[in-house]
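Structure record follows, encoded as structure tokens.
FYI, it's all coordinate maths here, none of it is from the lab. Bear in mind that the values here come from a model prediction, so they are computed numbers and not experimental data. With ideal geometry, Cβ positions are generated from the backbone for all residues, glycine too; neighbour counts draw on all protein chains shown.
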Amino acid sequence: MKKLFFVIVAMMALVASQTLFTACNDGETYAEMKDKEKKAVNRFIRDNELTGPINVISESAFLAQDSITDTLKNEYVLFNEDGIYMQIRRKGEGQTLVEMSKEQSDTTISKVILCRFMEYDIENSDTTHSNFFSPTIVDKMLCTYKHQGRSYTASFTEGYMKSVYGSNVPKGWLKPLDYIRLTRYAGRQAHVRLIVPHSSGTTNAANYVLPFYYDIYYELGK
């Protein structure tokens with residue numbers, strides 16, 4: 001039994017070493033992968049295969065126009081601190097999580113948010129996941145907002161994202177929550193489009209240094 005154990009360990013070590021050797025032989029450093037990601041994002045902005053060329057605006061311009069992006073001009077605001085690009089197509093009705101927190105006089109509140117989404121791999125020009133065409137399936141996340149420090153944490157509880165990537169909600173999905181309002185009324189939900197770099201994306205995006213584009217509807221759950 002002990003002999004079998006050491007044979008299995010040896011085989012695992014061999015596989016690991018071969019994987020490492022292959023990875024090294026790929027010849028791509030992390031810096032090179034980030035450069036490749038940046039070029040893919042710039043190409044997507046210039047020649048957007050889905051919606052046409054994107055007009056990037058600064059955070060100051062975005063705030064000056066009441067945190068709105070002009071959809072007719074296909075505007076996206078670039079957040080310099082994390083490299084996320086965001087277009088608010090519809091702010092939604094209801095309240096923001098910040099307003100809900102103030103109204104309830106709570107320092108911390110938790111809400112269920114329902115999401116309809118499409119995920120697109122920018123580098124490989126491919127739609128990877130979507131629940132747009134699955135009427136009975138909706139992705140759910142439990143989001144907690146802490147008034148102290150204005151921070152959000154969230155975990156997926158149901159849906160495709162949880163099945164594919166696990167419960168951790170990528171930072172990019174939380175970015176719009178400072179700007180959108182949440183309602184339970186169909187047709188009045190917030191609608192946002194995002195370009196999310198690997199550093200604010202899923203574990204898969206982080207591991208392979210891949211940027212993703214998301215088209216997401218946010219609705220308040222029960």
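What does the net charge come to around Asn204 if you take all other residues with beta carbon closer than 11 Å to its beta carbon, with K and R at +1 and D and E at -1?
Spelling it out: positives minus negatives among the neighbours equals -2.
Taking R0 as 30 Å, what FRET efficiency do you get between Ala206 and Ser110 from their Cβ-Cβ distance, rounded to the nearest 0.05?
0.75
Measure nothing fancy, just the Cα-based angle from helix 2-25's long axis to the longest principal axis of the chain, in degrees from 0 to 90, nearest 10.
Here the helix axis deviates by roughly 60 degrees.
At 0.36 nm per residue, minus the direct Cα-Cα distance, what do Glu93 and Asp66 gain on full extension? Give it in nm, one decimal, please.
8.2 nm
Count charges around Thr183 for me, please; just the other residues with Cβ under 13 Å from its Cβ, Lys/Arg as +1, Asp/Glu as -1.
With Lys, Arg at +1 and Asp, Glu at -1, the neighbours total +4.
Would you mind checking the tilt of helix 30-46 against the longest principal axis of the Cα atoms of the chain, expressed as 0 to 90 degrees and rounded to 10?
40
Considering amide H positions built from the backbone, and no H for Pro or chain starts, which residues 5 or more places from Asn168, or on another chain, come under 5 Å of its amide H?
Those lying under 5 Å, H to H, from Asn168 are Phe156.
Per-residue ellipticity at 222 nm for the chain, helices alone: DSSP H runs ≥ 4 residues times -39500 (n - 2.57), over residue total, nearest 500 deg cm²/dmol?
Helices in the chain give a 222 nm mean residue ellipticity of -9500 deg cm²/dmol.
For the pair Ser167 and Ile137, what calculated FRET efficiency results from E = 1/(1 + (r/R0)^6), where r is the Cβ-Cβ distance and R0 = 25 Å, to the nearest 0.05?
The calculated FRET efficiency here is 0.90.
Each residue of segment 161-171 in turn: what ³J(HN,Hα) in whole Hz from Karplus with 6.51, -1.76, 1.60 and θ = phi - 60°, glycine and Pro shown as x?
Along segment 161-171, the couplings run 4, 5, 5, 8, 10, x, 7, 5, 7, x, 4 Hz.
Add +1 for every Lys or Arg and -1 for every Asp or Glu among the other residues with Cβ under 12 Å from the Cβ of Gly172, and state the total.
That works out to +1.
Along Cα→Cβ, 7 Å out, is where each label goes; now give me the distance between the ones at Lys146 and Arg43 in nm to one decimal.
Calculated label separation equals 4.0 nm.
What is the distance, in nm, between label points placed 7 Å from the Cα along the Cα-to-Cβ direction at Glu32 and at Ser125?
About 2.3 nm, to one decimal.
Of Lys111/Lys140; Lys91/Lys111; Lys146/Lys175; Lys175/Lys222; Lys38/Lys171; Lys146/Lys171, which pairs sit farther than 20 Å apart, going by alpha carbon to alpha carbon?
Table pairs above 20 Å Cα-Cα are Lys175/Lys222.
Relative to the compact-globule scaling 2.2 N^0.38 Å, provide the ratio for the alpha-carbon radius of gyration of segment 140-194.
Cα Rg divided by the expected 2.2 N^0.38 Å: 1.20.
Kindly write out, for segment 77-88 in residue order, the coupling ³J(HN,Hα) from the Karplus curve 6.51 cos²θ - 1.76 cosθ + 1.60 (θ = phi - 60°), rounded to whole Hz, with x marking Gly and Pro.
8, 9, 8, 5, 5, 10, x, 7, 9, 9, 10, 8
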